[in-house]
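K.L.:
Handing you this structure, nothing more for now.
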Amino acid sequence: MRKRLYAVYARLFARFGSQLWWPAETPLEVAVGAVLTQNTSWRNVEKAIFNLRGAKALSFRALRRLPEERLAELIRPAGYYNIKADRLVNLLDFLGREYGGNLRKAGNTSTADLRVKLLSVKGIGPETADSILLYAFDRPVFVVDAYTRRFALRHGFIKGDEDYASVQKLFMQNLKCDVKLFNEYHALIVRLNKDFCRKNDPFCDSCPLKGI
């Protein structure tokens, strides 16, 4: 399993190169994007982030000053905008309460404790929490999303009925515990899914992982 996972990584990196993921200017922007990307494509998230940036609302203070109705309006392109606005407010309340709105202060919190704290925020599940941990806080946790599951199922790494923790364990027990590796590997899986391992009409015959 370990050898095959590394072979997959090598093949994907050779094909696509570094993905420079997550595309954001600040850790807070990463955290906001992690909430916005729930149940939607990154293309839609980019539109919502563009709106927030245009409104000069991508700082902690600016976001906290926004009425929730205005926040929902700005993030409308990401879908489920009222729900996501509420979840963003919950996240901002947490960051303000725990770290005074300064995400760098989270560096004093262990990864395990920080994950528990994030999961206590209403609307933040394992995938969102781990995305924030990995991409905003540079913590070595592997993100399991729909892309990860699809890739792992189609290439025989899982059966399909495993829970989040089991799929995450598969990667974290067989790969070096390294932030850069986890970051790049997950980003490459996302790229693979977008270009080849699509939900409908996948390009299996030309998949770069064919034969592994």
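K.L.:
So for Asp130, Asp113, Asp201, fewest C-beta neighbours within 10 Å to most, what's the order? Write down the numbers at each step before the final one.
P.N.:
Values: Asp130 24, Asp113 11, Asp201 6.
Ascending Cβ contact count within 10 Å gives the list Asp201, Asp113, Asp130.
K.L.:
Sort segment 67-212 into rounded, prolate or oblate with this rule: let a ≥ b ≥ c be the square roots of the eigenvalues of the Cα gyration tensor; rounded if a/c is under 1.5, and if a/c is not under 1.5, prolate when a/b is larger than b/c, oblate otherwise.
P.N.:
On the way: a/c = 2.43, a/b = 1.49, b/c = 1.62.
Oblate is the answer for segment 67-212, as a/c is 1.5 or above yet b/c matches or exceeds a/b.
K.L.:
Quick check on the chain: helices-only [θ] at 222 nm, where DSSP H runs of length 4 and up contribute -39,500 (n - 2.57) each and the sum goes over total residues. Nearest 500, please.
P.N.:
Values: 11 runs with 122 residues, N = 212.
Estimated from H runs of four or more residues: -17500 deg cm²/dmol.
K.L.:
Taking the Cβ of each residue in Glu46, Glu68, Glu184 as the centre, tally the other Cβ atoms inside 10 Å and list the residues starting with the fewest. Numbers along the way, then the final one.
P.N.:
Working: Glu46 16, Glu68 12, Glu184 20.
Listing Glu46, Glu68, Glu184 from fewest to most nearby Cβ atoms yields Glu68, Glu46, Glu184.
K.L.:
Checking the cross-link filter: which lysines have an alpha carbon closer than 30 Å to that of Lys169, excluding same-chain neighbours under 8 positions apart?
P.N.:
Lys3, Lys84, Lys105, Lys117, Lys122, Lys159, Lys180, Lys194, Lys199, Lys210
K.L.:
How do Arg11, Arg64 rank when sorted from fewest to most other Cβ atoms within 10 Å of their own Cβ?
P.N.:
Values: Arg11 18, Arg64 15.
Ascending Cβ contact count within 10 Å gives the list Arg64, Arg11.
Every number in this text was worked out from the coordinates using simple rules, so none of it is lab data. What you see is a predicted model, and the numbers here were worked out from it, not measured in a lab. Positions of Cβ are backbone-derived with ideal geometry, glycine not excepted, and every protein chain shown enters the neighbour counts.
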